[in-house]
Amino acid sequence: TTFDIDEALIGEVMKVAQAKTKKGAIVIALKEYLRAKRRQELANMIGTYAEFDLTLEELEQMRRDG
């Protein structure tokens, strides 16, 4: 597949993600985008429950603590 992606943008993603290839940078960026969207969806769902008194940060800490 061929894409016309701004070189400065892909270069910045490669640097931040420490990706060695453009493909690697794109894969990382797509995975991070999906992860952020899923977290936002979860936060939106949680926001509908008034009695659920935890912040997103507290939920993430609970997940890390297992």
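The values are calculated or read from the model by the stated rules, or taken from the named source; none is laboratory data. Worth saying up front: this structure is predicted, and the values here are computed from it rather than measured. Ideal geometry is used to build each Cβ from the backbone, glycine not excepted, and the neighbour counts take in all protein chains shown. Heads up: the accessible areas ignore ligands, DNA and RNA and are worked out on the full protein's heavy atoms, side chains in. Shrake-Rupley method; radii C 1.70, N 1.55, O 1.52, S 1.80 Å.
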From highest to lowest solvent-accessible area (probe 1.4 Å; ligands, DNA and RNA excluded), Asp6, Asp65 read Asp65, Asp6
Rounded to the nearest percent, how much of the accessible area of the chain (1.4 Å probe, protein heavy atoms only) is carbon and sulfur?
57
Positive-end residue of Ala36, Thr55, Phe3, charge dipole of the chain with Cβ unit charges:
Phe3
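Tell me, what is the per residue accessible area of the chain in Å², probe radius 1.4 Å?
Values: 6120 Å² over 66 residues.
I get 93 Å² per residue for this part.
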Test item: Cα-centred dipole of the chain, Lys/Arg +1 and Asp/Glu -1 on Cβ, debye
480
Measure nothing but the geometry: give the 0 to 90° angle between the long axis through the Cα atoms of 7-17 and the longest principal axis through the Cα atoms of the chain, rounded to 10°.
50
